[in-house]
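The values are calculated or read from the model by the stated rules, or taken from the named source; none is laboratory data. All values reported here derive from a predicted model rather than from experimental measurement. Neighbour counts are summed over all protein chains in view; Cβ atoms, including those assigned to glycine, are modelled from backbone coordinates with ideal geometry.
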Amino acid sequence: MAIEKTYSMIKPDGVANHHIGEIIYRIERAGLTIERMEMGMVTKEQAEQNYAEHKGKPFYDGLVKYITSGPVVKMVISGEGAVAKMRSLMGATDPAKAAPGTIRGDFGLIMDANVIHGSDSVESANREIGIFFN
């Protein structure tokens with residue numbers, strides 16, 4: 001497997017519920033490296049760029065409003081098969097369907113507040129890293 005970079009973000013609910021340390025611990029325990037990390041707010045413009053593929057869908061406005069509602073932790077993560085490893089660590093998008101032991105399975109509350117975002121491909125990661133880390 002090749003060394004890849006991926007993008008991940010601990011969402012406002014993960015920050016507000018004090019899960020940052022445990023999530024970082026799980027990422028590092030999986031053998032991944034956090035190359036860059038920053039806590040801050042997502043601007044409306046960044047949110048609109050990141051979720052552009054969902055524009056016009058019924059949940060789009062709520063998604064933008066939610067992700068800009070509080071601080072997040074933005075990360076560039078690298079390692080062998082980083083995208084797939086992060087997807088596995090995160091668990092299913094819907095916390096109700098996420099396996100116990102995954103980040104969303106353990107900490108996720110509802111579909112709209114599912115603790116963490118992660119890129120679904122190397123291409124998406126490159127695009128998202130550009131949005132959040134210029």
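Okay, here's what the table says:
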quantity: Residue match in the stretch 125-132 (condition: of a type in the set (Gly, Ala, Ser), assigned to a loop (DSSP other than H, G, I, E, B) and at pLDDT 95 or above); calculated: no
quantity: Helices (runs of 4 or more DSSP H) enclosed by the stretch 7-51 - at least 1 residues per element that are loosely packed, with under 13 Cβ neighbours inside 10 Å and modelled with pLDDT under 95; calculated: none
quantity: Count - residues of the stretch 95-130 that are free of Cβ contacts under 8 Å to residues at least 40 places away in the same chain, polar (S, T, N, Q) and surrounded by 14 or more Cβ atoms within 10 Å (Cβ to Cβ); calculated: 1
quantity: Every pair of residues 6+ apart whose Cβ atoms lie under 6 Å, when the first sits in the stretch 55-78 and is assigned to a strand (DSSP E or B) while the second is small (Gly, Ala, Ser); calculated: Met75/Ser8; Ile77/Ser8
quantity: Those residues of the stretch 14-39 which are in contact with a Phe, Trp or Tyr (Cβ under 9 Å, 6 or more places away or on another chain) and farther than 24 Å from Arg127 by Cα, in sequence order; calculated: Asn17, His19, Glu22
quantity: Test result for Tyr60, at pLDDT below 95, under 14 Å from the mean Cα position of the chain (by Cα) and at negative phi; calculated: no
quantity: Selected residue (criterion: farthest from the chain's Cα centre (by Cα)) from residues of the stretch 79-116 that are closer than 17 Å to Glu35 by Cα and assigned to a strand (DSSP E or B); calculated: Glu80
